[in-house]
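The values are calculated or read from the model by the stated rules, or taken from the named source; none is laboratory data. Treat the numbers as computed from the prediction; the structure is a model and nothing was measured. Cβ atoms come from the backbone with ideal geometry, glycine included; neighbour counts cover every protein chain shown. Accessible surface is based on the protein model in full, side chains and every heavy atom, while ligands, DNA and RNA are left aside. Shrake-Rupley method; radii C 1.70, N 1.55, O 1.52, S 1.80 Å.
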Amino acid sequence: MTDINLDDLTHLQAINKKLTSGYHISEQDTLMWQELDQHIDAYRALFNALGHDLQHDSRGFYYFGSDESTPNMGKISRAIALTIYILIEHYANTGKDPMRALFDEVNDLELMQTLVQINKHLFDQLEIFSGSDLRKDVYLRMVRLGLAREVENGFMLQASIYRYIDALMEVNEETYLGEDE
């Protein structure tokens, strides 16, 4: 059993608040990230005792794993997954390396409007009808979840978006394998 010295966990309250809200703590969250990184065993033991599953993804982020999903979170997750999928497709169609562009390109309002216009039939199902809707309903939500950060002219995606990319790849693989059977 891991001994936990609460005096060493100087950012416990902030870390707990972020993680329980669904936020992904990444390297950009310098103080919380460093503390988690330095005291991972103590945090895992403490959060486990509280019924949480602290996950560390080697691509640079921490989050609480969960098998639970609410209908509302399902809609939010679908909107984020759709946006990521469409971004990957958009970057590939414009001749860019999609994975590099996902993390290097600023997602501004003009891009959001283009994505919604080109994929109107998909976004209509999520009641997203404009770039402004996409900004408000998806990108600002991604900021609150630690999946993106707001910058001067738009948004930059963070490493934690890999959770959605992994899920998209899994669905794609299941679809591909299902066709072979």
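Here are some notes:
- Test: residue in segment 102-123 that is closer than 29 Å to residue 19 by Cβ and in contact with an Asp or Glu (Cβ under 6 Å, 6 or more places away or on another chain): no
- Residue count for segment 1-59, restricted to those that are among the charged types (D, E, K, R), out of contact with any Gly (no Cβ under 6 Å at 6 or more places or on another chain) and in contact (Cβ under 8 Å) with a residue 60 or more places away in the chain: 4.
- Test: residue in segment 87-105 that is touching a residue at least 24 places away in the same chain (Cβ under 8 Å) and over 27 Å from residue 62 (Cβ atoms): yes
- Matching residues, segment 51-74, being modelled with pLDDT of 90 or more and either surrounded by 10 or more Cβ atoms within 10 Å (Cβ to Cβ) or touching a Leu at 6+ places or on another chain (Cβ under 6 Å) (or both): 52, 53, 54, 55, 56, 57, 59, 60, 61, 62, 63, 64
- Cβ-Cβ contacts under 7 Å between residues 6 or more apart (or on different chains), taken from a first residue in segment 161-173 that is open to solvent by less than 90 Å² (accessible area, probe 1.4 Å) to a second residue that is not in a helix (DSSP H, G or I), are listed as 161/147; 162/57; 162/59.
- Residue 108 being over 30 Å from residue 5 (Cβ atoms), surrounded by fewer than 18 Cβ atoms within 10 Å (Cβ to Cβ), touching a residue at least 12 places away in the same chain (Cβ under 8 Å) and more than 15 Å from the chain's Cα centre (by Cα): yes
- Count of segment 120-154 residues which are of a type outside the set (D, E, K, R), outside any loop (DSSP other than H, G, I, E, B) and either open to solvent by less than 40 Å² (accessible area, probe 1.4 Å) or under 28 Å from residue 59 (Cβ atoms) (or both): 12
- Qualifying residue in segment 82-93 (condition: surrounded by fewer than 14 Cβ atoms within 10 Å (Cβ to Cβ) and at negative phi): yes
- Residue selection: residue 103 fails the criterion of being part of a loop (DSSP other than H, G, I, E, B) and open to solvent by 40 Å² or more (accessible area, probe 1.4 Å).
- When the test is whether a residue is among the small types (Gly, Ala, Ser), more than 23 Å from residue 155 (Cβ to Cβ) and out of contact with any Gly (no Cβ under 8 Å at 6 or more places or on another chain), residue 65 passes it.
- Number of positions in segment 93-112 that are touching a strand residue (DSSP E or B) at 6+ places or on another chain (Cβ under 6 Å) and of a type in the set (D, E, K, R): 1
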